[in-house]
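The values are calculated or read from the model by the stated rules, or taken from the named source; none is laboratory data. Model, not experiment: these values are computed from the prediction. For neighbour counting, all protein chains shown are included, and Cβ atoms are generated from backbone atoms with ideal geometry for every residue, glycine included. We work out accessible area using only protein heavy atoms, side chains counted, and drop any ligands, DNA or RNA first. Shrake-Rupley method; radii C 1.70, N 1.55, O 1.52, S 1.80 Å.
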Amino acid sequence: MSEMILQAENICFSYEEDGRRALDNVNLSIKRGSKVAFMGANGSGKSTFFLCLNGIHRPDSGTLYLNGKPFDYSKKGLLDIRRRVGIVFQDPDNQLFSASVSQEISFGILNLGVPEGRAKEEVDGVIERLTITPFRDKPTHALSGGQKKQVSIADILVMHPDVIILDEPASALDPKHTRIVNELVNQLSQEGITILMATHDIDYACAWADEIVLMHDGNVLKQGTPAEVCRDTDALEKTNLEEPMAVRIYRKLCAKGVLGPAEDMPVSMKELEQSIDKIGKDRKSE
Amino acid sequence: MIVIDKLCYSSRLRYTNAEVKFTYAILTLLFCVISRSLVMAAIVLTVNGILTVGKGRIPFVVYRRLMLIPLAFILLSTGAVIVNVSKSPLDAYAIPIGSWYMTGSRASLMFAARLILSAFAAVSCLYFLSLNTTMTDILGVLAKIHCPQMMVELMLLIYRFIFVLTQTASAIQTSQKSRLGYQDFKTSVRSFGQMAAVLFIRALKRSNALYDAMESRGYDGRIRVLQESYPPKRKEIVLVVLFEIALLVGCILQLP
Amino acid sequence: MSKREKIVMRAVIAFAVLFAVAPVANAMHIMEGYLPVSFCVAWGVVCLPFLAAGFISLKKKLQENRRVITLVAMSGAFVFVISSLKIPSVTGSCSHMTGTGLGAILLGPAAVSVLGIIVLIFQAVLLAHGGLTTLGANTFSMAIAGPLVSYGIYKLCGKCKVNKRISVFLAAFLGDLFTYCVTSIQLALAYPSESGGVAASAVKFLGVFAPTQVPLAVIEGILTVVIVIALETYARPELKAVGFLKEAK
């Protein structure tokens, strides 16, 4: 199995209606099992790229690779792509089509041809795993935003994908449900599922992601570890992103001489705390 | 907010077998309409009241309000049935107006009473179905009786989308109201029209996104979903069969 | 006047007051259980050829482009939601649009017949407007006859280069009126008058519902104009998206 689960080679795509180039020569590789944060202004091409990754949009030019093989756009091929690459859309009301929670969740797995008996077990399993059981019998329209989000994630999880794409999962969620989603994402990552997440939260991205992809005007401006991306202040400025809080505090502490400039600039609060912890230890050893 | 929809999810009869409920409601409805019998209508009204309010635990106040919804139509239409304008007076009453009479016959008054009561009984059957069965379950029954697949799939989607659009419409109207959009007739007409137009535009945008989401999960032209069903209890089946046979006998005997 | 006749007179005056006040001016759904079974079945049979034609037309469009399914479903939901909202009224009473005139202009009579019967089923179950036994009769009057008239008048006005607003108004207004007339005739056929038969009965029903239905038709006409003009101004691509449903094949 190749190390790269998904690859994009010179992808170009324009929408029919306005002819605008939504994706302009996108080149990317996603490592299997990694956590990748996609950042960039609205309209920079993130959502369009995601829709290419599961075969909804077919690029005008360029090639996409899944597990090292070019995308197969035949009926069977598309079904395989969609089983392996699942998208949780930003607005659950744009994803949930059934008024019944269990029917909604069963849709994906039945489309994969799984027989009804096993499908029911899978659906029940996912419902329990995501603690949907308390509101399982309520109609979709009576669910809160956070509950709808849980159902929309269950929709995808039941298909056992290799890659899960989350398009701004925490937008419009209350703190409780944001935490539920974040914990779930961590669990899934530990199981080896590759996670792509579009987010505007640079602090979260730097703490969570293995890699950050900055998109701008349909192009990949920068792809790298959070530290690499944060050091590229030009790229950050172009995508209207501020430096993460940890970096700003770090720079202040360096300026005051509390911390020495280090090669590994801390980009998350956790790393910053570790750097501060080291201060006492260094002093002790002097 | 659609009251009937909200209530059916909390009915105590929600988890009884949907086919049994459907068969009971439709058959009873038909017998009431065929026989137009006052006796049968009274019995059906009582039974449905007990089932819906007693067993289903639908609040009586709401049930009474719902039962009165058809009142305006019934009064107006039946009024038209029993009032005649003719040159010759009929036997129940005749009020002279110039050389004509406003008149009605005893037979038609009797018929009107039967019509009104049996219509209300029929409505109570419809309410039994709608207040104690979720739309999802009703669609399951329609699918089982081989209703065309495209119709059932459309109904499944439309049922969900109704609530998405209702929420959007409500949000737009609230926003308009806060800006005095409904302060007089002329402004109201314009605001309502604009809201409807915006609603339609949003509806179509969403339909595109929803299709993308369905296609992302392997939609290939058939909506496949698990149908939850609750096995019928023998006691329920027996009671329904006995009741319907009784109504059938009542029809044949032509009860008053 | 005898004592009995005085009572009847009072009852009639009460009815008249009820007409004038008419608290709820809904579109004319025949309520559940009101028609004799033979008529329920007969109207159902009359609807079948139209529904079949609409069904086949929709199915063909779906086979050409699967994406249409959510579009059609959203349109159906739209018609239902529009018909469930209170519209502004001069008297302050509670009124609702049928939405079928608008549907006919936007989606064409084929789609409206199929979506119409679905909307009527939902209206019967969720809102208790109309009924399941009367589904056939209501479908014919509100989902077939009315929209056909609306569509026909809209197209005719278009061919005669009549002003857009006037053609939309006439289409929606006359479609509504036609629905109300058809419903009155349906009731009259089921309950002919003892003195004067079906004709006299039809006149009675037309008269009884006129005070609510005629103003409603006018308001629906005006609202439909506002909506269509707004859509034509801001939503040309969306109109094109649904417009193809109207094309006959």
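Okay, here's what the table says:
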item	result
Shielding of C:32-41 by partner chains, average beta-carbon count, 10 Å	6
Helix-only CD estimate at 222 nm, as mean residue ellipticity for chain C, using -39500 (n - 2.57) per DSSP H run (n ≥ 4)	-24000 deg cm²/dmol
Inter-part distance where region A:80-122 and region C:210-249 are each reduced to a Cα centre, Å	36
Chain pair B, C: total accessible area buried, heavy atoms, 1.4 Å probe, Å²	7400
Full-extension gain in nm, B:A246 to B:F60, via 0.36 nm per residue minus C-alpha separation	64.2 nm
Shape of region C:43-144, Cα gyration tensor, a/c cut at 1.5	oblate
For region A:130-188 and region C:151-189, distance of Cα centres in Å	48
Calculated FRET efficiency for the pair A:K256/A:H200, C-beta based, R₀ 30 Å, to 0.05	0.50
Chain A - charge dipole about Cα centre, Lys and Arg +1 at Cβ, Asp and Glu -1, debye rounded to 20	400
Summed buried accessible area for B+A [probe radius 1.4 Å, Å², rounded to 100]	3100
Local electrostatic count at B:A107 - Lys and Arg +1, Asp and Glu -1, tallied over other residues with Cβ under 12 Å	0
Under the Karplus curve 6.51 cos²θ - 1.76 cosθ + 1.60, θ = phi - 60°, whole-Hz ³J(HN,Hα) for region A:207-217, x wherever Gly or Pro sits	6, 9, 7, 7, 9, 10, 10, 9, 10, 8, 6
Exposure of B:Y15 as accessible area (Å², to 10), given a probe of 1.4 Å and all protein chains	100
Loop-resident sites, region B:85-141, for trypsin sites (Lys or Arg not before Pro), counting at most 16 other Cβ within 10 Å (DSSP)	B:K87
Computed [θ] at 222 nm, deg cm²/dmol, chain B (DSSP H ≥ 4; -39,500 (n - 2.57); rounded to nearest 500)	-23000 deg cm²/dmol
Degrees between helix B:135-144 axis and first principal axis of chain B (Cα, 0 to 90, nearest 10)	80
Gap separating the Cα centres of region B:68-142 and region B:188-215, nearest whole Å	39
Rounded FRET efficiency, nearest 0.05, which uses the C-beta distance separating C:A52 from B:S88 and R0 of 45 Å	0.45
Carbon plus sulfur fraction of accessible area for region A:244-286, probe 1.4 Å, in percent	53
R0 of 30 Å, Cβ-Cβ distance B:K144-A:R21: FRET efficiency to nearest 0.05	0.05
Peptide B:24-35 - average C-beta neighbours from other chains (10 Å radius)	3
Summed side-chain charge close to B:Y182 - residues other than B:Y182 whose Cβ falls under 15 Å, Lys, Arg +1, Asp, Glu -1	+4
Protection-proxy order for peptides C:103-112, C:190-199, each taking the mean of Cβ atoms within 10 Å per residue, highest first	C:103-112, C:190-199
Pairwise label distance in nanometres, A:M245 with B:A171, each label 7 Å out on the Cα-Cβ vector	2.8
Burial order of peptide ranges B:233-239, C:234-240, C:67-73 (average beta-carbon count within 10 Å, highest first)	C:67-73, C:234-240, B:233-239
Residue-averaged beta-carbon neighbours from other chains (10 angstrom radius) around A:103-110	6
A:Y73 versus B:I97: modelled label distance in nm, points set 7 Å from Cα along the beta carbon direction	7.3
DSSP bridge pairs, chain A: antiparallel proportion in percent, nearest 5	55
Proximal charge balance of C:V125 [Cβ under 12 Å; K/R count +1, D/E count -1]	-3
Point-to-point label distance, C:K155-A:H160, nm (Cα→Cβ direction, 7 Å offset)	5.4
For B:W100, distant residues with modelled amide H under 5 Å away	none
